[in-house]
Amino acid sequence: MKKILSVLLVCALLCLTLGGCAFGGKKTAVTVSGTDIDEEIYNYYYDEVSKRPADYGLGEDPSSSELKDAAVNQCVRYLAFNTYFAQEGLSLSVPDKVTIADNVNNFWLRGENHYKKIGVSKPTLTKIFTSEAYKDAIFTYLYDKGTEDTEAEGQVKAYFYSSYISFRNICAYFTSDDSAGKLTEQERLDLVNSFSLIAAASGTDSDGFTSACADAGYVASGTVVLAKGSEGYPEGFYESVNMMAPGEVKVLQYDDCVFAVRKESLTDLGDGLYSGYRDTCIKEMHAAEWETFVENYVSTFTVE
C-alpha cells in the first residue's frame, strides 16, 4: 500500500511540474517515456537553443532539425530532473522558492512580449525555473555531504586552497595613443622598470603596495580571487602568482602587458572567503561525475 501511495505521489508531483497532463488543455509537443511535454515547454527550449546553439553542442549555423533535436533533448532532461527529484522525495527550501519567483518576475518583466510571441506563458517560466532548481537540489543531494562531515569538508577546503589564489595588482599595456599603436622598445623598457621600482618600494605589507602604486600614479586593485584555469589573464599568470610567497611583490611581463602583483594569503582573508566559494568548489570537484550521472540517467528516458 505504501509503495502504491509513493507512486501516486510521484505522478501527482510530475503532473504539477511537467504541464503535460490532459487537464492542462495544452497541445503536446513531445512524449517522453509516456509523459506528454506541452508545446510551451518545448517552445521555451527551442528558443534557448536557437539563441545560443554553441551552448547546446551545435555549430554556428545549425539546421532546423538540429535545433529541434536539441530542444527535444532539453525536454527530456527537464522530465528527468523533475522525475528524479520527486522519486527521491527531495524538497526546495523557502529561499529557493523565493529565488524562483524573483527570477521569473524579472525575466517576465524584461521579456514578456518575447515570451508571448513564442507562445510561452509566465506559469511555464515558473515550471522551467523550478526544474532548474530541482537540478541544483539533486546535485547537492548527491555530492554535498554538509559541513558536519569533517572528512568530506576537509577535501573541499583542500581543493579550495590548492586551486585558488588571491592577489592585488596593477597592469599596463604596451600600447601607445599615437598611430603606431605600440610602445617603442625604450618606452617598453621604461614602463617595466617603473613597475620594478613600485615592487621594490612596496615592502611586505598591503598598505605599502597601495602607497607605492599611488606614488607612481596607479591605483592598486582590490583583492582578486582567481581559480586555476580561469580566463582573462595571460597564459602562465596563475602559475607564476601561485609560486610567490604571501606578501611578495613581483613584476610579471608578457607579450602585450606588464603586471606588478602582490600575493595575498587565502587563509589570512578569513573563513568567510572559503564559505563564499564552497559551493563552487563542490561543483568543480564533481563536474565530470555529475555529467556522467546526468547522461546515464537521461539515457533511460525514451522519446516517443
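The values are calculated or read from the model by the stated rules, or taken from the named source; none is laboratory data. Here the structure is a predicted model, which means the values were calculated and not measured. Note that we place each Cβ from the backbone using ideal geometry, even for glycine, and neighbour counts take in every protein chain shown.
Restricting attention to region 44-101 and to residues that are without any contact (Cβ under 8 Å) to a residue 24 or more places away in the chain, surrounded by 13 or more Cβ atoms within 10 Å (Cβ to Cβ) and not in a helix (DSSP H, G or I), the residue that is nearest to the chain's Cα centre (by Cα) turns out to be Leu58.
Restricting region 256-278 to residues that are free of Cβ contacts under 8 Å to residues at least 12 places away in the same chain and on the phi < 0 side of the Ramachandran plot, the residue that is farthest from the chain's Cα centre (by Cα) is Asp271.
Residue under question is Gly19, and the condition is that it be assigned by TED's automatic domain parsing to the domain that holds Asn73, surrounded by fewer than 18 Cβ atoms within 10 Å (Cβ to Cβ) and at pLDDT below 95; does it hold? No; evaluated as a whole, the condition is false for this residue.
Beta carbons closer than 6 Å, at least 6 apart along the sequence or on distinct chains, pair a first residue in region 205-223 that is among the hydroxyl-bearing types (Ser, Thr, Tyr) and surrounded by 14 or more Cβ atoms within 10 Å (Cβ to Cβ) with a second that is assigned to a loop (DSSP other than H, G, I, E, B) and at pLDDT 95 or above for Thr210/Ala220. Taking Ser196, is it on the phi < 0 side of the Ramachandran plot and at pLDDT 95 or above? In short, yes. Taken over region 152-208, the criterion of being among the acidic types (Asp, Glu) and either under 29 Å from Gly229 (Cβ atoms) or assigned to a helix (DSSP H, G or I) (or both) is satisfied by Glu153, Glu185, Glu187, Asp190, Asp207.
Return yes when Leu109 is of a type outside the set (S, T, N, Q), assigned to a helix (DSSP H, G or I) and either more than 30 Å from Thr292 (Cα to Cα) or modelled with pLDDT under 95 (or both) and no when it is not. Here the answer is yes, as Leu109 does meet what is asked. The condition (being among the acidic types (Asp, Glu), surrounded by 11 or more Cβ atoms within 10 Å (Cβ to Cβ), over 27 Å from Tyr159 (Cα atoms) and in the same structural domain as Tyr164 (by TED's automatic domain parsing)) is satisfied by just one residue among Asp255, Asp190: Asp190.
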